Amino acid sequence: MKSPGGTTVALDGFGVEKGFDVLEAGVRLAAADGIRIRVFGPDDRIDLSDVPGAELVDVRESISNLDDPVPAVRSRPGASIVRAVEDTREGKSEAVVSLGSTGAAMAASTFGLKRLRGVKRPALAVVIPLPGKPVLFLDIGANVEVRAQHLIQFAYLGAAFSSAVMGVESPAVGLLSVGEESGKGRGVEIEAHDVLSRSDEIDFVGNVEGGDIPGAGADVIVTDGFTGNVVVKAMEGAVKVVTSSISDAARSNPLSALGGLMLKPALSGLRSDLHPDTTGGAILLGLRSVAVVGHGSSGPDGVANAIRVAARGAAVDAPGLTEEMLHRVGLNRGAIGSGEQA
(Lines give C-alpha, C1' and ligand atoms only; values in the text may rest on other atoms or scores of the structure.)
Protein backbone atom coordinates (compact mmCIF):
# COMPACT_ATOMS: atom_id res chain seq x y z
CA MET A 1 0.00 0.00 0.00
CA LYS A 2 1.26 3.46 -0.89
CA SER A 3 2.64 5.42 2.07
CA PRO A 4 0.66 8.48 3.18
CA GLY A 5 3.94 10.37 3.57
CA GLY A 6 4.13 13.31 1.17
CA THR A 7 0.35 13.65 1.00
CA THR A 8 -1.08 17.11 1.77
CA VAL A 9 -4.07 17.39 4.12
CA ALA A 10 -6.15 20.51 4.76
CA LEU A 11 -7.08 20.75 8.46
CA ASP A 12 -9.89 22.84 9.92
CA GLY A 13 -8.09 24.62 12.75
CA PHE A 14 -11.19 25.11 14.90
CA GLY A 15 -13.29 22.57 16.79
CA VAL A 16 -10.81 20.73 19.02
CA GLU A 17 -12.53 21.08 22.37
CA LYS A 18 -9.35 20.66 24.41
CA GLY A 19 -7.75 23.70 22.80
CA PHE A 20 -5.23 24.79 20.23
CA ASP A 21 -2.33 23.24 22.18
CA VAL A 22 -3.86 19.81 21.55
CA LEU A 23 -4.34 20.64 17.88
CA GLU A 24 -0.69 21.66 17.59
CA ALA A 25 0.48 18.48 19.32
CA GLY A 26 -1.61 16.34 16.96
CA VAL A 27 -0.25 18.16 13.91
CA ARG A 28 3.30 17.53 15.13
CA LEU A 29 2.62 13.79 15.46
CA ALA A 30 1.15 13.53 11.97
CA ALA A 31 3.84 15.72 10.40
CA ALA A 32 6.48 13.40 11.85
CA ASP A 33 5.09 10.74 9.47
CA GLY A 34 5.94 12.95 6.50
CA ILE A 35 2.38 14.17 5.95
CA ARG A 36 2.13 17.78 4.82
CA ILE A 37 -0.59 19.71 6.64
CA ARG A 38 -2.23 23.04 5.79
CA VAL A 39 -4.02 24.30 8.91
CA PHE A 40 -6.79 26.88 8.58
CA GLY A 41 -6.98 28.72 11.88
CA PRO A 42 -6.01 31.88 13.80
CA ASP A 43 -2.30 32.70 13.58
CA ASP A 44 -2.42 34.44 16.96
CA ARG A 45 -3.54 31.21 18.68
CA ILE A 46 -1.70 28.51 16.73
CA ASP A 47 2.08 28.27 16.31
CA LEU A 48 3.42 25.69 13.85
CA SER A 49 6.56 27.59 12.87
CA ASP A 50 8.81 24.79 14.11
CA VAL A 51 6.87 21.93 12.50
CA PRO A 52 8.39 20.74 9.18
CA GLY A 53 5.74 20.26 6.50
CA ALA A 54 3.05 22.23 8.38
CA GLU A 55 1.67 25.52 7.10
CA LEU A 56 -0.77 27.85 8.85
CA VAL A 57 -3.31 29.82 6.82
CA ASP A 58 -4.71 32.62 8.97
CA VAL A 59 -8.49 32.21 9.34
CA ARG A 60 -10.52 33.79 12.13
CA GLU A 61 -14.06 32.64 11.35
CA SER A 62 -15.52 29.26 12.31
CA ILE A 63 -18.80 27.33 12.40
CA SER A 64 -19.79 25.86 15.75
CA ASN A 65 -22.12 23.07 16.82
CA LEU A 66 -24.67 25.72 17.76
CA ASP A 67 -24.96 26.95 14.15
CA ASP A 68 -27.40 25.54 11.62
CA PRO A 69 -24.87 23.77 9.35
CA VAL A 70 -26.25 24.29 5.85
CA PRO A 71 -27.11 28.02 6.12
CA ALA A 72 -23.83 28.67 7.96
CA VAL A 73 -21.76 26.97 5.27
CA ARG A 74 -23.57 28.81 2.50
CA SER A 75 -23.32 32.23 4.16
CA ARG A 76 -19.76 32.07 5.55
CA PRO A 77 -17.27 31.49 2.72
CA GLY A 78 -14.46 32.59 5.02
CA ALA A 79 -15.15 29.96 7.71
CA SER A 80 -12.29 27.57 8.44
CA ILE A 81 -14.04 24.38 7.27
CA VAL A 82 -15.23 26.07 4.06
CA ARG A 83 -11.71 27.35 3.34
CA ALA A 84 -10.19 23.91 4.03
CA VAL A 85 -12.66 22.23 1.64
CA GLU A 86 -11.99 24.91 -0.99
CA ASP A 87 -8.26 24.24 -0.64
CA THR A 88 -8.89 20.56 -1.36
CA ARG A 89 -11.19 21.27 -4.29
CA GLU A 90 -8.56 23.52 -5.85
CA GLY A 91 -5.94 20.77 -5.57
CA LYS A 92 -3.67 22.53 -3.07
CA SER A 93 -4.49 19.73 -0.62
CA GLU A 94 -5.51 16.14 -1.35
CA ALA A 95 -7.87 15.57 1.59
CA VAL A 96 -9.69 17.55 4.25
CA VAL A 97 -10.09 16.94 7.99
CA SER A 98 -12.33 18.66 10.52
CA LEU A 99 -12.78 18.00 14.24
CA GLY A 100 -15.44 20.69 14.54
CA SER A 101 -19.16 20.60 13.77
CA THR A 102 -20.01 17.30 12.08
CA GLY A 103 -22.95 18.87 10.26
CA ALA A 104 -20.84 21.74 8.95
CA ALA A 105 -18.06 19.40 7.83
CA MET A 106 -20.53 17.17 5.97
CA ALA A 107 -22.33 20.12 4.37
CA ALA A 108 -19.16 21.92 3.32
CA SER A 109 -17.58 18.73 1.95
CA THR A 110 -20.70 17.67 0.05
CA PHE A 111 -21.19 21.13 -1.48
CA GLY A 112 -17.52 21.75 -2.20
CA LEU A 113 -16.10 18.35 -3.14
CA LYS A 114 -19.22 17.05 -4.92
CA ARG A 115 -20.49 13.47 -5.05
CA LEU A 116 -19.07 10.75 -7.26
CA ARG A 117 -21.19 10.16 -10.32
CA GLY A 118 -24.23 8.06 -9.46
CA VAL A 119 -23.88 8.40 -5.67
CA LYS A 120 -27.21 9.43 -4.21
CA ARG A 121 -26.13 9.94 -0.61
CA PRO A 122 -22.60 10.17 0.82
CA ALA A 123 -22.26 8.06 3.96
CA LEU A 124 -20.25 8.49 7.16
CA ALA A 125 -18.19 5.39 7.88
CA VAL A 126 -16.08 4.55 10.92
CA VAL A 127 -13.53 1.80 11.45
CA ILE A 128 -14.39 -0.08 14.65
CA PRO A 129 -11.27 -1.91 15.92
CA LEU A 130 -13.13 -4.92 17.30
CA PRO A 131 -11.20 -7.85 18.81
CA GLY A 132 -10.06 -10.11 15.99
CA LYS A 133 -10.31 -7.64 13.11
CA PRO A 134 -11.53 -4.11 12.38
CA VAL A 135 -14.99 -3.59 10.91
CA LEU A 136 -16.03 -0.69 8.67
CA PHE A 137 -19.46 0.45 9.89
CA LEU A 138 -21.71 2.83 7.92
CA ASP A 139 -23.76 5.00 7.92
CA ILE A 140 -23.25 6.55 11.37
CA GLY A 141 -25.14 9.80 10.98
CA ALA A 142 -25.17 11.36 7.52
CA ASN A 143 -28.52 9.83 6.50
CA VAL A 144 -31.11 9.41 9.23
CA GLU A 145 -33.72 8.10 6.76
CA VAL A 146 -32.76 5.91 3.81
CA ARG A 147 -34.24 3.93 0.95
CA ALA A 148 -33.15 0.50 -0.19
CA GLN A 149 -31.10 2.02 -3.01
CA HIS A 150 -29.05 4.01 -0.51
CA LEU A 151 -28.24 0.91 1.58
CA ILE A 152 -27.18 -0.87 -1.60
CA GLN A 153 -24.85 1.98 -2.50
CA PHE A 154 -23.46 2.08 1.05
CA ALA A 155 -22.52 -1.58 0.63
CA TYR A 156 -20.50 -0.82 -2.49
CA LEU A 157 -18.95 2.34 -1.03
CA GLY A 158 -17.91 0.41 2.07
CA ALA A 159 -16.54 -2.54 0.13
CA ALA A 160 -14.47 -0.27 -2.11
CA PHE A 161 -13.00 1.64 0.86
CA SER A 162 -12.32 -1.54 2.83
CA SER A 163 -10.43 -2.98 -0.09
CA ALA A 164 -8.53 0.17 -1.12
CA VAL A 165 -7.62 1.69 2.24
CA MET A 166 -7.87 -1.15 4.76
CA GLY A 167 -6.29 -3.71 2.44
CA VAL A 168 -9.04 -6.31 2.81
CA GLU A 169 -9.18 -8.63 -0.18
CA SER A 170 -12.80 -9.30 -1.18
CA PRO A 171 -14.35 -7.76 1.97
CA ALA A 172 -17.41 -9.53 3.39
CA VAL A 173 -20.41 -7.20 3.60
CA GLY A 174 -23.29 -7.58 6.06
CA LEU A 175 -26.61 -5.74 6.42
CA LEU A 176 -27.68 -4.79 9.96
CA SER A 177 -31.18 -6.07 10.70
CA VAL A 178 -33.35 -7.62 13.42
CA GLY A 179 -32.82 -11.20 12.30
CA GLU A 180 -30.50 -13.30 10.16
CA GLU A 181 -33.27 -14.48 7.83
CA SER A 182 -33.62 -12.63 4.52
CA GLY A 183 -37.22 -11.72 5.28
CA LYS A 184 -36.44 -10.01 8.59
CA GLY A 185 -36.34 -6.24 8.93
CA ARG A 186 -38.18 -3.30 7.49
CA GLY A 187 -39.06 -3.01 3.83
CA VAL A 188 -35.83 -1.18 2.99
CA GLU A 189 -33.64 -3.90 4.52
CA ILE A 190 -35.61 -6.70 2.86
CA GLU A 191 -35.37 -5.02 -0.55
CA ALA A 192 -31.67 -4.21 -0.13
CA HIS A 193 -30.97 -7.78 0.97
CA ASP A 194 -32.65 -9.12 -2.15
CA VAL A 195 -30.51 -6.98 -4.48
CA LEU A 196 -27.23 -7.49 -2.62
CA SER A 197 -27.70 -11.26 -2.43
CA ARG A 198 -27.72 -11.36 -6.25
CA SER A 199 -24.56 -9.27 -6.67
CA ASP A 200 -21.47 -10.89 -8.17
CA GLU A 201 -19.23 -7.92 -7.30
CA ILE A 202 -19.27 -8.04 -3.50
CA ASP A 203 -19.19 -10.85 -0.97
CA PHE A 204 -22.57 -10.33 0.69
CA VAL A 205 -22.90 -12.46 3.86
CA GLY A 206 -26.52 -11.53 4.61
CA ASN A 207 -28.15 -9.98 7.63
CA VAL A 208 -26.24 -9.26 10.85
CA GLU A 209 -28.02 -8.80 14.18
CA GLY A 210 -26.87 -6.10 16.59
CA GLY A 211 -25.60 -8.57 19.17
CA ASP A 212 -23.55 -10.39 16.54
CA ILE A 213 -21.59 -7.38 15.24
CA PRO A 214 -18.33 -8.31 17.03
CA GLY A 215 -18.37 -11.89 15.70
CA ALA A 216 -20.34 -11.61 12.48
CA GLY A 217 -17.37 -12.28 10.24
CA ALA A 218 -18.22 -9.21 8.17
CA ASP A 219 -15.59 -6.65 7.19
CA VAL A 220 -18.25 -4.06 6.33
CA ILE A 221 -21.64 -3.62 8.05
CA VAL A 222 -24.29 -1.36 6.52
CA THR A 223 -27.27 0.41 8.10
CA ASP A 224 -29.05 3.77 8.15
CA GLY A 225 -27.50 6.78 9.85
CA PHE A 226 -29.90 6.88 12.80
CA THR A 227 -29.37 3.24 13.75
CA GLY A 228 -25.65 3.40 13.06
CA ASN A 229 -25.10 6.43 15.26
CA VAL A 230 -26.99 4.82 18.14
CA VAL A 231 -25.09 1.53 17.79
CA VAL A 232 -21.63 3.14 17.73
CA LYS A 233 -22.34 5.36 20.75
CA ALA A 234 -23.87 2.42 22.63
CA MET A 235 -20.75 0.35 21.97
CA GLU A 236 -18.47 3.16 23.15
CA GLY A 237 -20.57 3.59 26.30
CA ALA A 238 -20.65 -0.14 26.99
CA VAL A 239 -16.86 -0.40 26.78
CA LYS A 240 -16.46 2.46 29.28
CA VAL A 241 -18.95 0.93 31.72
CA VAL A 242 -17.59 -2.62 31.48
CA THR A 243 -13.92 -1.68 31.84
CA SER A 244 -14.73 0.72 34.69
CA SER A 245 -16.83 -1.91 36.50
CA ILE A 246 -14.08 -4.52 36.21
CA SER A 247 -11.54 -2.02 37.54
CA ASP A 248 -13.80 -1.19 40.50
CA ALA A 249 -14.34 -4.88 41.24
CA ALA A 250 -10.61 -5.52 41.05
CA ARG A 251 -10.04 -3.00 43.85
CA SER A 252 -12.74 -4.42 46.12
CA ASN A 253 -10.42 -6.70 48.18
CA PRO A 254 -6.78 -7.89 48.20
CA LEU A 255 -7.48 -11.11 46.27
CA SER A 256 -9.42 -9.24 43.62
CA ALA A 257 -6.63 -6.66 43.44
CA LEU A 258 -4.16 -9.43 42.57
CA GLY A 259 -6.43 -10.62 39.80
CA GLY A 260 -6.89 -7.03 38.67
CA LEU A 261 -3.14 -6.61 38.27
CA MET A 262 -3.10 -9.63 35.97
CA LEU A 263 -6.01 -8.26 33.95
CA LYS A 264 -4.73 -4.69 33.76
CA PRO A 265 -2.68 -5.07 30.53
CA ALA A 266 -5.60 -6.71 28.71
CA LEU A 267 -8.12 -4.14 29.94
CA SER A 268 -5.82 -1.25 29.02
CA GLY A 269 -5.37 -2.69 25.56
CA LEU A 270 -9.12 -3.12 25.07
CA ARG A 271 -9.85 0.40 26.29
CA SER A 272 -7.17 1.79 23.96
CA ASP A 273 -8.35 -0.22 20.93
CA LEU A 274 -11.93 1.00 21.25
CA HIS A 275 -11.14 4.59 22.25
CA PRO A 276 -12.37 7.18 19.72
CA ASP A 277 -8.83 8.61 19.47
CA THR A 278 -7.66 5.30 18.00
CA THR A 279 -10.13 5.32 15.10
CA GLY A 280 -9.31 8.89 14.13
CA GLY A 281 -12.88 9.73 13.18
CA ALA A 282 -15.37 9.00 10.43
CA ILE A 283 -14.80 9.04 6.67
CA LEU A 284 -17.37 10.67 4.40
CA LEU A 285 -17.61 8.17 1.54
CA GLY A 286 -19.02 8.90 -1.91
CA LEU A 287 -17.26 12.21 -2.58
CA ARG A 288 -14.66 13.09 -5.22
CA SER A 289 -12.01 13.75 -2.56
CA VAL A 290 -11.31 12.33 0.89
CA ALA A 291 -13.05 14.02 3.83
CA VAL A 292 -12.63 12.91 7.45
CA VAL A 293 -14.73 14.09 10.40
CA GLY A 294 -12.86 13.65 13.68
CA HIS A 295 -14.03 13.80 17.31
CA GLY A 296 -14.14 17.24 18.89
CA SER A 297 -13.07 15.64 22.18
CA SER A 298 -9.91 14.22 20.61
CA GLY A 299 -6.52 14.38 22.25
CA PRO A 300 -3.28 14.73 20.27
CA ASP A 301 -3.43 11.10 19.11
CA GLY A 302 -7.00 11.57 17.88
CA VAL A 303 -6.04 14.66 15.88
CA ALA A 304 -3.03 12.88 14.40
CA ASN A 305 -4.99 9.74 13.55
CA ALA A 306 -7.71 11.73 11.80
CA ILE A 307 -5.02 13.31 9.62
CA ARG A 308 -3.42 9.90 9.00
CA VAL A 309 -6.74 8.34 7.93
CA ALA A 310 -7.28 11.17 5.44
CA ALA A 311 -3.72 10.92 4.14
CA ARG A 312 -3.98 7.15 3.63
CA GLY A 313 -7.24 7.55 1.76
CA ALA A 314 -5.75 10.18 -0.51
CA ALA A 315 -2.50 8.26 -1.03
CA VAL A 316 -4.31 5.27 -2.52
CA ASP A 317 -6.91 7.46 -4.31
CA ALA A 318 -9.83 5.91 -2.44
CA PRO A 319 -12.38 8.08 -4.31
CA GLY A 320 -10.96 7.00 -7.67
CA LEU A 321 -11.00 3.32 -6.73
CA THR A 322 -14.54 3.67 -5.40
CA GLU A 323 -15.67 5.32 -8.63
CA GLU A 324 -14.03 2.51 -10.58
CA MET A 325 -16.05 -0.10 -8.67
CA LEU A 326 -19.28 1.86 -9.10
CA HIS A 327 -18.62 2.09 -12.83
CA ARG A 328 -17.77 -1.61 -13.08
CA VAL A 329 -21.06 -2.68 -11.54
CA GLY A 330 -23.10 -0.02 -13.34
CA LEU A 331 -24.11 1.71 -10.12
CA ASN A 332 -22.97 5.08 -11.42
CA ARG A 333 -25.45 4.68 -14.27
CA GLY A 334 -28.34 3.59 -12.07
CA ALA A 335 -28.14 -0.01 -13.30
CA ILE A 336 -28.16 -1.47 -9.79
CA GLY A 337 -30.66 -0.71 -7.09
CA SER A 338 -34.36 -0.67 -6.42
CA GLY A 339 -35.19 1.81 -9.11
CA GLU A 340 -36.11 4.44 -6.53
CA GLN A 341 -34.99 8.01 -6.85
CA ALA A 342 -33.11 9.87 -4.11
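The values are calculated or read from the model by the stated rules, or taken from the named source; none is laboratory data. Since we're looking at a predicted model, the values are computed, not measured. Here the Cβ is made from the backbone with ideal geometry for all residues, glycine too, and neighbour counts use every protein chain on show. Heads up: the accessible areas ignore ligands, DNA and RNA and are worked out on the full protein's heavy atoms, side chains in. Shrake-Rupley method; radii C 1.70, N 1.55, O 1.52, S 1.80 Å.
Quick notes
- The charge dipole of the range 30-159, taken about the Cα centre with unit charges on the Cβ atoms of Lys, Arg (+1) and Asp, Glu (-1), comes to about 800 debye, rounded to the nearest 20.
- Whole-number D in µm²/s for the range 108-163 (Stokes-Einstein; Kirkwood sum over Cα pairs; 20 °C, 1.002 mPa s): 175 µm²/s
- For Val59, net neighbour charge (Lys/Arg +1, Asp/Glu -1) across residues whose Cβ lies under 13 Å away: -3
- Shape of the range 1-147, Cα gyration tensor, a/c cut at 1.5: oblate
- Rounded Å value of the spacing that divides the Cα centres of the range 278-329 and the range 1-71: 16 Å
- Given charges at beta-carbon only (K, R positive; D, E negative), |dipole| of the range 108-168 in Debye: 240 debye
- Solvent-accessible area per residue for the range 5-80 (1.4 angstrom probe, square angstrom): 48 Å²
- Contact order relative to length of the range 1-87, as percent, for alpha carbon pairs under 8 angstrom and 6 or more apart: 29 percent
- Ala234-Val70 FRET efficiency (beta carbon distance; Förster radius 41 Å; 0.05 resolution): 0.90
- Ser109 - accessible surface, heavy atoms, 1.4 Å probe, Å² rounded to 10: 0 Å²
- Given charges at Cβ of Lys, Arg, Asp, Glu: the range 110-217 dipole, positive-most of Leu124, Ala172, Gly215: Leu124
- Normalised by the number of residues in the range 73-163, the average gap of Cα pairs under 8 Å and 6 or more apart makes the relative contact order 20 percent.
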